[in-house]
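The values are calculated or read from the model by the stated rules, or taken from the named source; none is laboratory data. Being a predicted model, the structure only gives us computed values, none of them experimental. Counting neighbours? That spans all protein chains shown, and the Cβs are built from the backbone with ideal geometry, glycine included.
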Amino acid sequence: MFLINGIVLLTAGMAFFGNEFYSFKKTTVEKLSTIGKIIAANSTAALAFDSPDDAREILAALRAEPHIVAACIYDKNGKIFSEYYAGNEKSKFPPSPGPQGYRFSYTHLDGFVPVMQETLPLGTLYLKSDMGALHAWLGLYAVVVAVILLVSFLLAFVLVRFLGKSISTPILALSQTAKIISDRKDYTVRAIKMSNDELGSLTEAFNQMLDQIKKKDDNLSEFNQNLELKVRDRTAQLETVNKELEGFSYSVSHDLRAPLRAIVGFASILEEEYAGRLDVEGKRITAIIKKNTMKMGRLIDDLLEFSQMGKHDGMKVTINMGRMVNDIKDAMALQYDTHRISWSMGDLPNVNANASMIRQVWVNLIANAIKYSGKNEAPQIEIGAMTKEGEYVYYVVDNGVGFDQQYSEKLFKVFQRLHSPEEFEGTGVGLALVKKIITREGGSVWAESEVGKGACFYFSLPARNEIRVNHQ
Amino acid sequence: MKHNNVDILLVEDNPDDAELAIRHLRKNNMANNLIHVHDGEEALEFIFSTGRYAGMHEEPQRPKVVLLDIQMPKVNGIEVLGKIKADPRTRSIPVVMLTSSKVDPDIEKCYALGANSYLVKPVNFEGFAEAIKNLGFYWLLLNQLPSE
């Protein structure tokens with residue numbers, strides 16, 4: 001602030017000084033040139049009549065001009081005709097007249113003026129003026145400018161101090177208040193209004209803003225507190241329900257299986273040890289009892305698997321989908337008759353998810369495709385994927401029996417089947433499990449089909465950034 | 001019954017399961033020296049000669065294998081397992097845990113306590129029969145115990 005002030009003042013002073021210096025020099029030259037013209041005009045007669053005394057008298061008139069320290073007149077041959085000295089000191093004159101005009105040297109201003117009668121040159125007048133006046137003037141002027149500079153600088157300093165204080169103090173107070181608030185997160189702090197000007201209204205606006213923030217902050221923390229309480233309540237409730245469910249599935253698996261084991265066990269003893277006493281119908285009925293009991297056992301197992309699924313959150317890894325599907329395909333060959341199937345595999349993008357869960361999805365979908373295309377003479381299964389709006393959509397298509405599209409939603413519900421166990425085996429849990437897994441992984445499942453024209457099952461997974469590579 | 005040479009101690013509260021197991025063992029001639037007790041309390045009394053079995057033996061009983069159901073009233077299988085494995089005199093008795101459930105949360109606890117095996121009783125008869133037969137065959141004939 002002061003620096004800028006100083007620079008501005010100094011520049012102005014210099015410009016002023018320079019301008020004055022230039023115009024003073026110009027005035028001095030003009031003055032000397034006027035004197036020169038007059039003396040030259042008066043000297044024509046003296047030169048014409050070759051009277052050095054007249055000339056001296058004319059030159060003596062220069063005494064009225066104390067700055068002219070010396071003068072002389074040359075005759076037309078360039079010889080000094082008459083001389084003049086202001087003081088006693090005799091200065092040297094140039095030996096011959098120089099070109100017409102005035103020139104500044106450091107100490108002097110001198111010039112040559114032709115002395116003419118009409119157009120006839122008679123000689124040359126030489127004038128020498130010292131720069132004392134200029135130097136004296138310059139000195140005085142420098143002092144004046146310096147004083148003006150100093151005074152304005154002091155004035156500026158005082159003004160800046162005074163005005164600056166009245167501007168910066170409220171602003172500093174505001175910024176300090178803001179800092180206190182941001183440090184302590186205390187929205188009850190207010191800035192003090194110091195004046196009724198623009199800064200005063202700025203402070204008021206600032207305080208009003210704080211009022212609003214305070215109100216919102218209060219609302220938010222109240223809301224947060226309520227939310228925390230709610231979350232705690234819900235968590236407790238959920239934990240209780242979870243415990244109950246765990247206990248429930250435990251007792252389902254234990255207590256429901258034990259009687260089934262007894263039914264199958266004793267029916268088997270009937271079959272084995274009492275075969276001789278049972279007729280054909282008796283044996284058929286025993287077989288039905290066993291078959292249904294075993295089915296009940298499978299249902300319990302599948303249901304348990306479904307309810308237990310996802311209880312332990314596995315780590316998400318980058319899954320090499322192509323390799324996973326090929327592995328599953330190979331494993332299927334051991335379990336099912338797959339040699340008639342013609343497979344076609346598209347590119348499967350890798351995805352970041354729980355590997356064992358996704359494996360389960362593929363196993364269920366591929367096993368379904370094998371199962372439901374098994375009655376076709378030339379079963380075909382196509383596995384592929386496409387990319388759609390930030391997610392990968394994988395699909396398994398078969399040319400099996402298909403289903404009625406209007407029931408496609410039912411497929412993904414537990415124990416919902418679209419085929420009888422006589423047609424195709426199954427408990428109706430596989431696709432429900434697929435849906436549960438994919439939903440947990442942030443994707444969705446759907447199916448398209450027409451009766452007799454095969455089915456296509458899709459599942460989508462978010463195309464997340466791949467972080468870790470899982471080489472399995 | 002003399003309890004000197006007990007091959008199998010079957011600890012099973014479910015009489016049907018017990019009967020089926022005994023039947024299969026008997027079929028394979030492995031039930032000759034079998035004792036069936038009905039809960040954990042009785043199992044411990046038998047092994048350590050207390051309660052009902054007090055004064056019957058000087059030393060704790062050392063059957064060749066204990067088939068131990070987990071879910072039982074009073075003293076459950078895990079407690080029995082803990083007591084057997086905690087006593088230096090009975091620690092070397094092989095204990096096979098029997099459970100009805102594949103998803104039993106106790107499986108890890110059992111191994112931590114020193115269970116020698118863990119068997120899920122299959123619903124299907126053939127599976128159960130096969131499992132019991134193999135079990136008896138392994139623990140009675142193949143398994144070598146430290147000499148007394």
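Data table
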item	result
When residues of segment B:102-140 are limited to those that are basic (Lys, Arg) and assigned to a loop (DSSP other than H, G, I, E, B), the one modelled with the highest pLDDT	B:LYS121
Selected residue (criterion: nearest to the other protein chains (Cβ to nearest Cβ)) from residues of segment A:286-304 that are among the charged types (D, E, K, R) and within 55 Å of the chain's Cα centre (by Cα)	A:ASP301
Qualifying residue in segment A:306-326 (condition: in contact with a helix residue (DSSP H, G or I) (Cβ under 7 Å, 6 or more places away or on another chain) and modelled with pLDDT of 90 or more)	yes
Extreme residue, nearest to A:ALA258 (Cα to Cα), among residues of segment B:108-137 that are of a type in the set (A, V, I, L, M) and within 12 Å of another protein chain (Cβ to nearest Cβ)	B:VAL123
Hits in segment A:178-234 - residues which are under 18 Å from A:ILE167 (Cα atoms) and assigned to a loop (DSSP other than H, G, I, E, B)	A:ALA191, A:ILE192, A:LYS193, A:MET194, A:SER195, A:ASN196, A:ASP197
Yes/no for B:LEU67 being crowded, with 16+ Cβ neighbours inside 10 Å and modelled with pLDDT of 90 or more	yes
Pair list, Cβ < 9 Å and 6+ apart or interchain, from segment A:305-319 residues that are within 14 Å of chain B (Cβ to nearest Cβ) and buried (at least 16 other Cβ atoms within 10 Å of the Cβ) to residues that are in a strand (DSSP E or B) and modelled with pLDDT of 75 or more	A:GLY310/A:ASN354
Answer from A:ILE213, A:ILE167, A:ILE171, A:ILE180 - the residue that is over 30 Å from B:ASP13 (Cα atoms), out of contact with any strand residue (DSSP E or B) (no Cβ under 8 Å at 6 or more places or on another chain), surrounded by 10 or more Cβ atoms within 10 Å (Cβ to Cβ) and modelled with pLDDT under 80	A:ILE167
Answer residue from segment A:226-285, given it is polar (S, T, N, Q) and closer than 28 Å to B:ALA131 by Cα and is farthest from the other protein chains (Cβ to nearest Cβ) among those	A:SER251
Candidate set from segment A:383-412 (those that are aromatic (Phe, Trp, Tyr) and crowded, with 16+ Cβ neighbours inside 10 Å); member that is farthest from A:GLY443 (Cα to Cα)	A:PHE403
B:SER92 within 14 Å of chain A (Cβ to nearest Cβ), assigned to a loop (DSSP other than H, G, I, E, B) and either among the small types (Gly, Ala, Ser) or within 23 Å of B:ASN32 (Cα to Cα) (or both)	no
Some residue of segment B:38-58 being closer than 21 Å to B:GLN144 by Cα and modelled with pLDDT under 90	no
Residue among A:MET332, A:MET386 that alone is without any contact (Cβ under 8 Å) to a residue 12 or more places away in the chain and of a type outside the set (D, E, K, R)	A:MET386
